Amino acid sequence: MIEITINGTPIEVEKGTVLLHAAKENGVEIPTLCNHEGLNREGNCRLCSVEITENGRSKIVASCMFPVTRSISVETDNERVKRARRTVLQLLINRNPKSPVIQQLCSEYGVKREERFALEPDLCIRCGRCVRACETNGTKAIELVGRGFDRHVATPYETESDACIGCLSCATVCPTGKITYDESPGKRKIWHKEFDVLKCARCGIYFATKEMLDWAGRPENDRAYCDHCQKYIESVKFLTEHEQNK
Ligand code: SF4
Ligand code: SF4
Ligand code: FES
């Protein structure tokens, strides 16, 4: 264990714990955008910046990328930290004025859009969560392409991708609502591709695209029920057999 201080309070942290997690576990909230607990960390947005001091020297670090390996003191909300976050938010609000999450953060930090630097509004903050979610699935159907202000998320050649299985993980983790999709009974459309969505024969919910079940390796003759109903049916079958064998 390593002793560190966060905002003046000493705490013990297991060596290697990510600073963001150590703070959270001790009731100190740090704002984040690109970080998502279920995904690899990339440190894209720098909103989680905090100040660390070690041997009398201070610097700003991204807390979601910083493993605690030695004794340090950490400030999560002092003026230098707030300034660093305001700089991040200023760039974001200039480009993303319509994103509710950015609007909310800017209002907390007193940041207003600078019309003279305003760019064409866009909901994407290039945090890469969607790309990492798709990679985590193992599907890798989308990527961040282009440079500078043209950087954006797309499928290869900006067209329908064979790799996309219509799972919606990308849309689910997007913090700004940039990734949209169309959903109607039995149909789903995302990233230029239309999918059939299968209906559970027991509960009637539309539960997965055919491509998702192909990806999961579920046999063609075993696709009538959603996971929940499948488990229910199996447990009823097990109990019935158990009773019969008594
Ligand atoms: S819907 Fe397509 S692009 Fe989005 S995470 Fe699933 S496979 Fe990837
Ligand atoms: S589309 Fe959403 S999740 Fe993907 S990079 Fe843009 S803001 Fe992040
Ligand atoms: S949340 Fe840490 S860099 Fe984005």
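Quick note: the coordinates plus some simple rules give every number you see, no bench work behind them. Remember, predicted model here, so these are calculated numbers, not experimental data. Cβ: placed from backbone, ideal geometry, glycine included. Neighbour counts: every protein chain shown.
Observations, loosely collected:
- Residue order, fewest to most beta carbons within 10 Å, for ARG147, ARG41, ARG70, ARG95: ARG147, ARG70, ARG41, ARG95
- Footprinting exposure proxy for VAL18, VAL111, VAL50 (fewest neighbouring C-beta atoms within 10 Å first): VAL18, VAL111, VAL50
- In this structure, the amide hydrogen of LEU198, modeled 1.01 Å from its nitrogen in the peptide plane, lies closer than 5 angstrom to those of PHE207, ALA208, THR209, LYS210, counting only residues at least 5 positions away or on a different chain.
- Semi-axes of the equivalent ellipsoid for the chain, Cα gyration tensor, largest first, Å: 41, 28, 15
- Sequence-distant residues sharing a close amide H with SER49 (under 5 Å, placed H): SER63
- Radius of gyration (Cα atoms) of the range 129-240, expressed as a multiple of 2.2 N^0.38 Å: 1.25.
- The ellipsoid that matches the Cα gyration tensor of the range 1-143 has semi-axes, each √(5λ) in whole angstrom, of 28, 21, 11, with the longest given first.
- Counting only alpha carbon atoms, the long axis of helix 227-244 and the longest principal axis of the chain meet at about 50°.
- Relative to the longest principal axis of the Cα atoms of the chain, the long axis of helix 79-95 lies at roughly 50 degrees.
- Set of aspartates and glutamates near LYS112 by C-alpha distance (under 19 Å), chain-local residues within fewer than 8 positions excluded: GLU79, GLU120, ASP122
- Residue among TYR157, TYR109, TYR206 with the largest mean-square fluctuation in a Gaussian network model of the chain, springs linking Cα atoms under 10 Å: TYR157
- Projecting label points 7 angstrom from Cα along Cα→Cβ for LYS98 and HIS228 puts them 3.4 nm apart.
- For ASN221, net neighbour charge (Lys/Arg +1, Asp/Glu -1) across residues whose Cβ lies under 15 Å away: 0
- Each Lys and Arg contributes +1 and each Asp and Glu -1, all at the Cβ; summed about the Cα centre of the range 2-117, the dipole is approximately 640 debye.
- Using just its DSSP H runs of length 4 or more, each adding -39500 (n - 2.57), the chain gives a mean residue ellipticity at 222 nm of -9000 deg cm²/dmol after division by all residues.
- Cross-link partners of LYS199 among lysines (Cα-Cα below 18 Å; sequence separation of 8 or more within a chain): LYS187, LYS189, LYS210, LYS231
- About the Cα centre, charge dipole magnitude for the chain (Lys/Arg +1, Asp/Glu -1 at Cβ), debye: 580 debye
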